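Below: the structure, in structure tokens.
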């Protein structure tokens, strides 16, 4: 079998069907995900062990394949004919190889992504720490890419991204953009992040904050005149603040509270909700840092942040339930999906 040709046929199917993911595994036919639903490609033959290994040989160099067998998992990116990029992960289950590809959407504008205009204002800030949070597959990287691209097109700044792997590829416009991939261009996130202080950087985009060391350095960078953009796998703003602080030993938590209270710009939590007309649309929560939020962070009262968001809409904050209800009223989503994606269904019920 021509494995490159087979992979390209499957990727074309994902693109043609408006899908987001491609699942390949030994002992089953390929499966794609479209609008959140898994769809088996039953007209395709069941993959053998040689087939998955053959596909692996298309996307990984031999040295990386050797490392994959040593580590038993691997992250990678794949360029499809210069027309699309995919990020992927290979792993074992029951001793058999599985590979999952995610189609990286082309860089879109904040308006095209149906994000609130205030995100553009935050992207053009000179310094601060801004986080996009939410579960896996909810568009966090896509939102960050829109912010980076806006900066690139409107400001002359030095932008450095640290990613694992590189997803969106940017074409420098007004800005300088250096994209560093962990494992290829740098040893790890923390090493790369420490280096940016000597690289005359203005904007730092960190694909994911995985360790307390990375978080601490990111917060320090935001304090010292840089705009820092990153993601976390958390559900909302208050949980994000707690996750950051709880990742540090007890004797360091007061310091990180003080730093975070001073450097935080905001936290944007998003969910991709199925649209009635097809496809997905974001519902979101936005926390903006102000004196009240800073005090809550410093005084260990993060449980009150939700109330600040609900009552801070005049200052630009956005509550998830209000976002969901606006989508319902606009005829974009069903009330059933609004309930499903709400983190406070009882509060949503009171709004109806």
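Read-outs throughout are calculated quantities, based only on the coordinates presented, and are distinct from any laboratory measurement. Note that the structure is predicted; figures quoted are calculated from it, not measured. Note that we place each Cβ from the backbone using ideal geometry, even for glycine, and neighbour counts take in every protein chain shown.
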Legend entry - Label-point separation in nm, residue 188 to residue 343, each point 7 Å along Cα→Cβ: 2.8
Legend entry - Antiparallel DSSP beta bridges within the chain, percent to nearest 5: 60
Legend entry - Mean ellipticity per residue at 222 nm, deg cm²/dmol - from DSSP H runs of n ≥ 4 across the chain, formula -39500 (n - 2.57): -11000 deg cm²/dmol
Inset, instruction - Sort the stretch 209-268 into rounded, prolate or oblate with this rule: let a ≥ b ≥ c be the square roots of the eigenvalues of the Cα gyration tensor; rounded if a/c is under 1.5, and if a/c is not under 1.5, prolate when a/b is larger than b/c, oblate otherwise. - result: rounded
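Could the peptides 168-177, 189-198 be put in order, highest first, of the mean number of other beta-carbon atoms found within 10 Å of their residues? The partial results should precede the final answer.
Numbers: 168-177: 15.6, 189-198: 18.1.
Highest-to-lowest ranking by the protection proxy: 189-198, 168-177.
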Inset, instruction - Using only Cα atoms, locate the centre of the stretch 261-307 and the centre of the stretch 111-168, then give the distance between them in Å, rounded to an integer. - result: 15
Legend entry - Taking only Cα atoms of the stretch 183-233, radius of gyration then Dmax in Å: 10.2, 29
Inset, instruction - Answer rounded, prolate or oblate for the stretch 86-175, using the Cα gyration tensor with square roots of eigenvalues a ≥ b ≥ c: rounded when a/c is under 1.5, else prolate when a/b is larger than b/c, else oblate. - result: prolate
Inset, instruction - Report, in degrees rounded to the nearest 10, the 0 to 90 angle that the Cα long axis of helix 49-59 makes with the longest principal axis of the chain. - result: 60
Inset, instruction - Counting only C-alpha contacts under 8 Å and six or more residues apart, can you give the relative contact order of the chain as a whole percent? - result: 12
Inset, instruction - Starting from the Cα of residue 81, move 7 Å in the Cα-to-Cβ direction to define the label point; list residues of the stretch 1-40 whose amide nitrogen is under 17 Å from there. - result: 2-19
Legend entry - Convex hull of Cα atoms in the chain, direction-averaged projection (nm²): 19.0
Inset, instruction - Diagonalise the Cα gyration tensor of the stretch 1-114 and give the resulting equivalent ellipsoid semi-axes, square root of 5 times each eigenvalue, largest first, whole Å. - result: 24, 17, 13
Inset, instruction - Output the relative contact order of the stretch 120-189, whole-number percent, from Cα pairs under 8 angstrom with separation of 6+ residues. - result: 26
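Can you give the percent of C-alpha pairs in the stretch 237-344 whose distance is more than 21 Å?
42
Using only the alpha carbon atoms of the stretch 120-233, find the Kirkwood hydrodynamic radius as the inverse mean reciprocal pair distance, in angstroms to one decimal. Please report the intermediate quantities before stating the final value.
Working: mean 1/r = 0.0724 Å⁻¹.
13.8 Å is the Kirkwood radius here.
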